[in-house]
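Every number here is computed from the coordinates shown, using simple stated rules; none is lab data. Just so it is clear, the model here is predicted, and its values are computed rather than measured. As a convention, Cβ positions derive from the backbone with ideal geometry for all residues, glycine included, and neighbour counts pool all protein chains shown.
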Amino acid sequence: MRISAVLVSALGILAAAPMTPASADVQMLSPYDVADPAVGNLDPALLLAVQRAADAAAAQGITMTITSGWRSPEFQQQLLNDAIATYGSFAAARQYVQTPERSRHVLGQAVDMGGVGADQWLIANGVRFGLCQIYANELWHFELATDAAGNCPPLLPNAAV
Ligand SMILES: [Zn+2]
């Protein structure tokens, strides 16, 4: 992943290219793997929404996994450091990785989803469960973010805004 990211950056199309979550920390957890702190430390409302969405997706043949959920502040800082090394600057890295102070993952209020077709399924159907894509450049990152009318907010271009 790091090599391909560097190549993409060298081609100057970094901002346009959908990137997968940074680096080697990607996991494939079930939303029911609550013994793992990445799942078990999620906000209970978010965890329930993800479990319900995963059940509905499974009924349509789509296996939904959590590639990253709750993160310790130390782990978030490590991801940011890795991204700075990958993208060459703090400003560039911040388009993909939040600081520990701002990360919703550290609060247990964000999940990165994996599984073939899972992100597209959630983008289309997640709103039924309160789950919204937040960043235009992160197809896999979801938070409970619907408003009182049940609508998701407009996409932000990236995590740096
Ligand atoms: Zn995320």
- In this structure, is residue 83 buried (at least 16 other Cβ atoms within 10 Å of the Cβ), assigned to a helix (DSSP H, G or I) and touching a helix residue (DSSP H, G or I) at 6+ places or on another chain (Cβ under 7 Å)? yes
- Query: Has region 40-62 got any residue that is touching a strand residue (DSSP E or B) at 6+ places or on another chain (Cβ under 9 Å) and not in a helix (DSSP H, G or I)?
  - Reply: yes
- Taking region 96-114, which residues are over 13 Å from residue 46 (Cα atoms) and in contact (Cβ under 8 Å) with a residue 60 or more places away in the chain? 96, 97, 98, 114
- Note on the structure: The lone condition residue 124 fails out of (1) in contact (Cβ under 8 Å) with a residue 12 or more places away in the chain; (2) closer than 16 Å to residue 57 by Cα; (3) more than 14 Å from the ligand (Cβ to nearest atom) is (1)
- Task: Count, please, the residues in region 101-121 that happen to be within 13 Å of the ligand (Cβ to nearest atom) and either more than 16 Å from residue 60 (Cα to Cα) or part of a loop (DSSP other than H, G, I, E, B) (or both).
- Result: 12
- Message: Give me the residue from region 127-142 that is surrounded by fewer than 18 Cβ atoms within 10 Å (Cβ to Cβ) and not in a loop (DSSP other than H, G, I, E, B) and, out of that set, nearest to the ligand (Cβ to nearest atom).
- Response: 127
- Task: Filter region 143-161 for residues that are away from the ligand (no atom under 14 Å from the Cβ) and under 18 Å from residue 52 (Cβ atoms) and give the result.
- Result: 146, 150, 152
